[in-house]
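A short write-up of the structure that comes next.
The values are calculated or read from the model by the stated rules, or taken from the named source; none is laboratory data. None of the values given here were measured: they were computed from a predicted structure. Every residue, glycine among them, receives a Cβ derived from its backbone with ideal geometry; neighbour counts consider all protein chains shown.
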Amino acid sequence: MNNQPKTTQISSKLLDLGMQEFPQIFGGITQQESEALTLLAAVHEGRDSTIWAGLGYWDQLLERAKLSRISGPTLKDWWNKISQDMDVVLYENNRQAVTEILTENSPQVLETITNDTEYLVSSLLRLCADTRNKNYKKTNSSDIQGELL
């Protein structure tokens, strides 16, 4: 039996974009915002989507990100709390990016998560929606082209 949670199809490429491309996508966000967004993308991608999904998911992600801040004074404390609460499993391709951010343990990244939670979660939602729309258009356009031939 596979114990790894199911993750959403649309987010499978989020961390492949990585911290290097987030500033380009979001119009020049800071390094701290990029790292915070990377951590939230890892939560989103690694969550147990059999539990954390549906209409209220994005509100729950926002609340968990805020509430996890009170778990302790460090970024690692925040990560441990949110990843435990949302049953996050880090997949191999995500582990390195998250480990690098947590190893630096930047108080600025934690401050960014604390002060800009709504912005970060809405940015992640926008990125997921854009990715879903692009994938939908690709799928439907290839179906239509196949029907026309």
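Considering E111, E147, the condition of being at pLDDT 90 or above, over 16 Å from the mean Cα position of the chain (by Cα) and in a helix (DSSP H, G or I) is satisfied by E111 alone. When E35, E45 are screened for being modelled with pLDDT under 90, crowded, with 22+ Cβ neighbours inside 10 Å and within 14 Å of Y91 (Cα to Cα), only E45 passes.
Entry remark, the range 68-101: residues being part of a helix (DSSP H, G or I), under 15 Å from the mean Cα position of the chain (by Cα) and in contact (Cβ under 8 Å) with a residue 24 or more places away in the chain number 9 in total. For D87, the conditions (1) on the phi > 0 side of the Ramachandran plot; (2) in contact with a Leu (Cβ under 8 Å, 6 or more places away or on another chain); (3) not hydroxyl-bearing (S, T, Y) are fulfilled apart from (2). With the structure loaded, tell me whether S83 is more than 23 Å from T30 (Cα to Cα), out of contact with any His (no Cβ under 6 Å at 6 or more places or on another chain) and surrounded by 14 or more Cβ atoms within 10 Å (Cβ to Cβ) or whether it fails that test. Yes; evaluated as a whole, the condition is true for this residue.
I29 satisfies every condition listed in (1) in contact with a Pro (Cβ under 6 Å, 6 or more places away or on another chain); (2) in a helix (DSSP H, G or I) except (2).
Does the range 68-85 contain any residue that is of a type in the set (G, A, S), out of contact with any Pro (no Cβ under 6 Å at 6 or more places or on another chain) and under 18 Å from V121 (Cα atoms)? Working first, answer last.
Initially, the range 68-85 is screened for residues of a type in the set (G, A, S), giving 68, 71-72, 83.
Still in the list and also out of contact with any Pro (no Cβ under 6 Å at 6 or more places or on another chain): 68, 71-72, 83.
This time we only want the ones that are under 18 Å from V121 (Cα atoms), so: 68, 83.
Checked against the condition, which is being of a type in the set (G, A, S), out of contact with any Pro (no Cβ under 6 Å at 6 or more places or on another chain) and under 18 Å from V121 (Cα atoms), the range 68-85 yields at least one hit.
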